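Written out below as structure tokens is the structure these notes cover.
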Amino acid sequence: AEGLSERALSACGDGKASVERFKSVTKKGYSGIYATHKYWGKKPPELCQTILENFSEEGEMIVDPFMGSGVMASLCRKNKRHFKGSDINPAAISIATMFTFPPEVSLVEGVFQKIKVALEEEIRKLYFDDDGNEVTHIIRENDLVKEVWIANGKQIVVGKTREIPYTLLESELNDEFFGKRLFSNSRINVSVNQNIDSLFTKRAQVAISKLLSFACTLDDKEQAIAKYILTSSLGQMSKMVFAIKRRQKPKNQENQKQYEIGSWVIGYWRPKLYFEVNVWRVFEGRSRKLINALKKLNESELSGIDRNKTDSIRFSLSDGFVFMDNFKSKSVDLIVTDPPHNDRIPYLELSEIWNGILQKEPDYNAEWVISNSPDREKTKLEFLKKFDLLFKSSARILKSTGYLILMYNTKDSDFWKMVKEFNEDSKVCLNYVGKFRADYSAGSVVQDNRKGALKHDWCLVFGKSEQINLKFKNLPGWTVEC
């Protein structure tokens, strides 16, 4: 994501010093365990680490009532903090559990091996052409085959441009998953009466159904791993992977690819020119990615930690406001949360395909969000009112020395006006302390690229006391301006 201009940065409170500090922020990109699943709004681990180092001490209680993928939870475990978090999204809980309590490598390898023995040959057969070649990718334009890639040893080469036959057994399709109706929402490219099956070719549906059916035969721990890998694979298995014409023309036109593979971007957009990717190869690749990430985990981070013990880290599948009601007054040292940013990322709607695999149905009525879906009646007025509840609940459960850090990104002037009014409202009992810039660790199409949009979040800091800790001034872009 692009940063602000130097002129804009200079206006943030500390002039040229702010510019240099902002420029010094390292964008590493998601790696390791954090790169094994594409969850919307995932926060950079280096940002979470910075917050813990500057706003908390070992043994303190950190709370996030809208925790998403749980990156902060995993950092709390590594930094010996207690953490309690909640989210209304079952997919988020699944991902947070993997990030925070990663399973043994041998267990994941064992699960993959079971699936490989049972299904590899069966699924790969769906992608064999008439000449006995295994197809890895089919480039389609409005379902018409434009190019076919086949496996040739360790290389991928262009094969004959033609439809690849396969046997479709309707009885093998998982109607419970693929027949699920999506919320109509123009914001994320979902039309009226659109089901999940519209996102996948019939061949992919057959292959995914086989993987899902087998996963459901495993025990609870193995099933959680298999479904995690499958949910992380769905985007690449879908019609949502766009194709682009090669930017450099090949010197030798014969047997050269004319297209390049794109990505699955935010929303359920199905481009006219897209890839159909070999489902087994996607599943195997995601399995290997998870296994390699677990192997690379720093042993010192895991030493002395019981992977099954969750006394210091706890997750709750619940509404964040109900979750906060269960805390005693003045019992929390730090609240760090990243609530939904208006209608920018409709989390539950975007997670419908993942929750379908998990066989979980979230409480959509309780979600805190603005939604463009006419079915949901999630309005801006209702959305803004809940900030009042967040501030009052935070003020009740925070200790006198505690802080609330609100990560946010919006150009909506009503939001900033509301925050300023909260700061001036003596009934809220929280004071605005300052803010610092929350840089993302990787440029992404998930970022809002509309003209004039903010390219990063602000971390807004509130506390019971107006006193500012001197070390806050070392935070990148720290300013007390509202």
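Taken about its Cα centre, the chain carries a charge dipole of roughly 1340 debye when the Cβ of each Lys and Arg holds +1 and the Cβ of each Asp and Glu holds -1. Charged neighbours of Ser94, selected by a Cβ distance under 9 Å, balance to +2 (K, R count +1; D, E count -1). To the nearest ten degrees, helix 105-124 and the longest principal axis of the Cα atoms of the chain are 40 degrees apart.
Per residue of the chain, the DSSP helices (runs of n ≥ 4 H) give a summed -39500 (n - 2.57) that works out to -10500 deg cm²/dmol at 222 nm. For the chain, the longest principal axis of the C-alpha atoms and the axis of helix 413-424 are separated by about 30°.
Take the Cα of Lys245, step 7 Å toward its Cβ, do the same at Lys146, and the gap between the two points is 0.9 nm. Taking Cβ atoms as reference points and 12 Å as the exclusive limit, the residues near Arg288 contribute a net charge of +3, counting Lys and Arg as +1 and Asp and Glu as -1. Here's the picture: charge each Lys and Arg Cβ at +1 and each Asp and Glu Cβ at -1 in the chain, and of Val322, Ile266, Ile95 the one pushed furthest to the positive end of that dipole is Ile266.
Normalised by the number of residues in the chain, the average gap of Cα pairs under 8 Å and 6 or more apart makes the relative contact order 21 percent.
Among all stretches of the chain without exposed GluC sites (Glu not before Pro) (DSSP loop, at most 13 other Cβ atoms within 10 Å), which one is longest? Before the final figure, lay out each step's value.
Numbers: sites that count: Glu2, Glu57, Glu58, Glu104, Glu163, Glu254, Glu377, Glu466, Glu481.
After excluding every exposed loop site, the longest remaining stretch is 255-376.
Using the Cβ-Cβ distance between Val428 and Gln223 with R0 = 35 Å, the FRET efficiency computed as 1/(1 + (r/R0)^6) comes to roughly 0.20. For the pair Ser312 and Lys116, the difference between a 0.36 nm per residue extended length and the Cα-Cα distance amounts to 67.0 nm.
Label separation (Ile156 vs Lys272): 2.4 nm, computed from points 7 Å beyond Cα along the C-beta direction. In this rough spin-label picture, where each label sits 7 Å from Cα along the Cβ direction, the Lys125-Ser263 distance is 3.7 nm.
Calculated FRET efficiency, Arg181 to Ser106, Cβ-Cβ distance, R0 = 45 Å: about 0.65 to the nearest 0.05. Counting only DSSP beta bridges with both residues in the chain, the antiparallel share comes to about 70 percent.
Axis angle, to the nearest 10 degrees, between helix 220-237 and the longest C-alpha principal axis of the chain: 80 degrees. Positive contributions from Lys and Arg (+1) and negative ones from Asp and Glu (-1), summed over other residues with Cβ under 13 Å from the Cβ of Asn142, come out at +2.
Bear in mind these aren't lab numbers, they're just calculated from the coordinates by the rules spelled out. The structure displayed is predicted, hence computed values, not measured ones. Glycine also receives a Cβ, built like all others from the backbone with ideal geometry; neighbour counts cover every protein chain displayed.
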